[in-house]
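Written out below as structure tokens is the structure these notes cover.
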Amino acid sequence: QLSFDLLAWGGYIFLSGGATNPLISLFLPLVAIGALVLSPSQAWLLALAAILIYSFLWYFYVPLHIADFQMAGTLHLFGMWLVFALSAVLVVGFILHLSGSIRRRDQELGAARERAIRDDWLISLGCQAAGAAHELGTPLATLNILADDLLDDGRLAPELATDIQAMKAEIQRCKATLGQLVARAGLATLLEDAPGLEV
């Protein structure tokens, strides 16, 4: 598309005075656009093509015959002003677009960095919860087994049996709380590593 634009603009300049036409400087914004959107090799090829077309139009063109030299000077100055105005608009527009893209990319990178930090923190928290559940699961399972053994012992005094039943209820409550903690951390499978701990 840029090559076509360059050739079309070269044809217009060829028919309107060649290199003496101040609008020939509009080749430069096309080259600048190419440098922004094309690969390096394509951008250099476009720049080389613009230089060759400019050089060709230096010697080969259809001259404009303007009898009034004062009018010719005015038109030339107006053409220079027009080229400057168009170039300024294009440069500012592309720089603003480019800087906006960079700002949006930086914001997206910042948001992704914050998500990564939050995810790392959640994973660390989950690992700590799983570690705590594993560390506490084994003693609770041992206490539960000992309580069952005491209840199965026929020599146990009846008044102690009530206390042991209450102790077993508290053990079950602790195991349930640990199970909820690990489930919230998304690591419930690690409970299988804790012998005798059932959720």
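The values are calculated or read from the model by the stated rules, or taken from the named source; none is laboratory data. Computed from a prediction, not measured in an experiment: that's the story for all the values here. FYI the Cβ positions are ideal-geometry reconstructions off the backbone, even for glycines, and counts take in every protein chain you see. With ligands, DNA and RNA removed, areas are computed over all heavy atoms of the protein, side chains included. Shrake-Rupley method; radii C 1.70, N 1.55, O 1.52, S 1.80 Å.
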Projected-area mean, the chain, by convex hull of Cα positions, square nanometres: 18.2 nm²
Cα-projected label distance for residue 4 with residue 36, points at 7 Å along beta-carbon direction, nm: 2.0 nm
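Rounded to the nearest 500, what is the chain's calculated 222 nm mean residue ellipticity when only DSSP H runs of at least 4 contribute -39500 (n - 2.57) each, over all residues?
Working: 5 runs with 156 residues, N = 199.
The per-residue figure over the chain is -28500 deg cm²/dmol.
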Output the 0 to 90 degree angle, nearest 10, between the alpha-carbon long axis of helix 158-185 and the longest principal axis computed from the alpha carbons of the chain. 10 degrees
Taking the Cα centroid of region 1-76 and of region 152-167, what is the distance between the two, rounded to the nearest whole Å? 103 Å
Using the heavy atoms of the protein chains alone and a 1.4 angstrom probe, what is the accessible area of the chain per residue in square angstrom? 70 Å²
Want the number for residue 90 to residue 125: 0.36 nm per residue separation, take away the alpha-carbon distance, what's left? 7.4 nm
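What do you reckon, how do 175, 168 stack up by accessible area (1.4 Å probe), largest on top?
Working: 175 5, 168 35 Å².
So, going from the largest accessible area down, we get 168, 175.
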Extension gain residue 12-residue 180, at 0.36 nm per residue separation less the Cα-Cα distance, in nm? 52.8 nm
Cα centre as origin, Lys/Arg/Asp/Glu Cβ charges: the chain dipole, Debye: 1320 debye
When all protein chains stay in place, what accessible area (Å², nearest 10, 1.4 Å probe) is found for residue 148? 50 Å²
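How large a share of the accessible area of the chain, in percent, is made up of carbon and sulfur atoms when the probe is 1.4 Å and the other protein chains stay in place? List each step's numbers first, then the result.
Values: 9570 of 13980 Å².
Roughly 68 percent of what the probe reaches on the chain is carbon or sulfur.
Between residue 148 and residue 170, how high is the FRET efficiency from 1/(1 + (r/R0)^6) when r is the Cβ-Cβ distance and R₀ = 25 Å? Nearest 0.05. List each step's numbers first, then the result.
Working: r = 14 Å, r/R0 = 0.57.
For R0 = 25 Å, the calculated efficiency reads 0.95.
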With DNA, RNA and ligands ignored, accessible area of residue 163 (1.4 Å probe; Å², nearest 10): 100 Å²
